[in-house]
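This report concerns only the one structure given below.
The values are calculated or read from the model by the stated rules, or taken from the named source; none is laboratory data. The shown structure was predicted, so the numbers you read here are calculated from the model rather than taken from an experiment. No Cβ is skipped: glycine too gets one built from the backbone with ideal geometry, and neighbour counts run over all protein chains shown. When the accessible area is computed, the model is the full protein with side chains, heavy atoms only, and any ligands, DNA or RNA have been set aside. Shrake-Rupley method; radii C 1.70, N 1.55, O 1.52, S 1.80 Å.
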Amino acid sequence: MTETELKFQIPVAALPALREDLLARGATPQPLRALYLDTPDGRLSAARAALRLRLEGDSGWVQTAKALGANVMTRLEHDAPIGPAPQPPAVDLARHAGTPVAAALQAALQDAVAPLAVVFETDVQRLRLDWPTPSGAWVELALDEGTVRASGRTQPLAEIEFELRSGEPAALLHLAAEAVGRHGLWLDTRSKAERGHLLARDLPATPPRAVARPAASLPARAAVAGLLDGVLASASVLADPDMPAEAAAPHLSAWLRGLAELLQVLGRAAADEAPPDPAWAETLVALLAPLDTQPMVGAAARVARGERYNRLVLALLGWSQPL
């Protein structure tokens, strides 16, 4: 199964209004406790994959495997229901046999000697809402509030996911853009698994992803799609209000390099294929202008959390992703 979803962080001041908005529209609460597993040398984390056991209220335990999908908005995922049990059940990779995610797990764990073990846990109260869109699509909204625990450390968690259940991805992007404007949300491509592994290792952020100049022969849409993976990852770190400046600095450099490459690609797009909205490049330039005169990390963080930037990248995702 491939899931199409986007995840956003929530300004502290906006959280009560968002919670009340979902409850007023009929959202249902669900307690979730999850145990995330990996090898001692972090093979799943390195492959950007995840394996978890989650207790889903009265439904019992579910084993879930996740791995990278074809683009920023998609993930391979397979759920294997186990059922009620007084204690967490033993993990069994055979539960995912024959699914696309099984191959990703096998590649990540190939030749692993040490067994899988719990690396971190999450305790979350979820508010879940199925949202019908005017186009006929259905989007699931899931507001998660709780904590991540690892190695004796805890970290608060408050995020909202938009997952496409049926219909076209454009409906998800439109609904997300509306929520960005209404509640001040900002896009965050860091998974719970990534954040939990960082907490377990007492690290603030993963290293930035390398920014490579796309080949001139690559179609503009494909070039933008490839660049957005690293651009959005670094923006997620920059936008984090709790991120230390020294940890954000290398992500600022990677983000600026990625945005410069995006401008190059968007500048040539009109010549070789149906062009994107010309205002996208103009908006990028306008957003980056204050970085010349203000403290860089702080100014970049404000941009990455801002409505104009997040609407821009949502539009670029919709234009570039082969969904």
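Rolling a 1.4 Å sphere over the protein heavy atoms, what is the accessible area per residue of the chain, to the nearest Å²?
45 Å²
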If one takes the longest principal axis of the Cα atoms in the chain, at what angle in degrees, from 0 to 90 and to the nearest 10, does the Cα axis of helix 245-272 lie?
60 degrees
Which of T147, G136, L173 sits farthest toward the positive end of the charge dipole of segment 105-197, with +1 on the Cβ of Lys and Arg and -1 on the Cβ of Asp and Glu?
T147
Burial ranking of peptide ranges 159-170, 83-94 (average Cβ count within 10 Å, highest at the top)
159-170, 83-94
Tell me whether segment 130-220 comes out rounded, prolate or oblate; compute the Cα gyration tensor, take square roots of the eigenvalues as a ≥ b ≥ c, and use a/c under 1.5 as the rounded threshold.
oblate
Suppose a student asked you for the relative contact order of segment 223-291, using Cα pairs under 8 Å spaced at least 6 residues apart; what percent would you report?
31 percent
Once a ≥ b ≥ c are taken as the square roots of the eigenvalues of the Cα gyration tensor of segment 55-96, is the result rounded (a/c under 1.5), prolate (a/b larger than b/c) or oblate (a/b not larger than b/c)?
prolate
In degrees from 0 to 90, rounded to the nearest 10, what is the angle of the helix 15-24 Cα long axis to the longest principal axis of the chain?
70 degrees
Can you give the angle from 0 to 90° between the axis of helix 192-201 and the longest principal axis of the chain, with both taken from C-alpha atoms, to the nearest 10?
80 degrees
Where the only charges are on Cβ atoms (+1 Lys, Arg; -1 Asp, Glu), what is the dipole of the chain about its Cα centre, to the nearest 20 debye?
300 debye
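Carbon and sulfur together cover what percent of the accessible area of segment 74-215 at a 1.4 Å probe radius?
Answer for segment 74-215: carbon and sulfur cover 56 percent of the accessible area.
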What's the magnitude of the charge dipole for segment 72-136 around its Cα centre, counting Lys and Arg as +1 and Asp and Glu as -1 at the beta-carbon? Answer in Debye, nearest 20.
140 debye
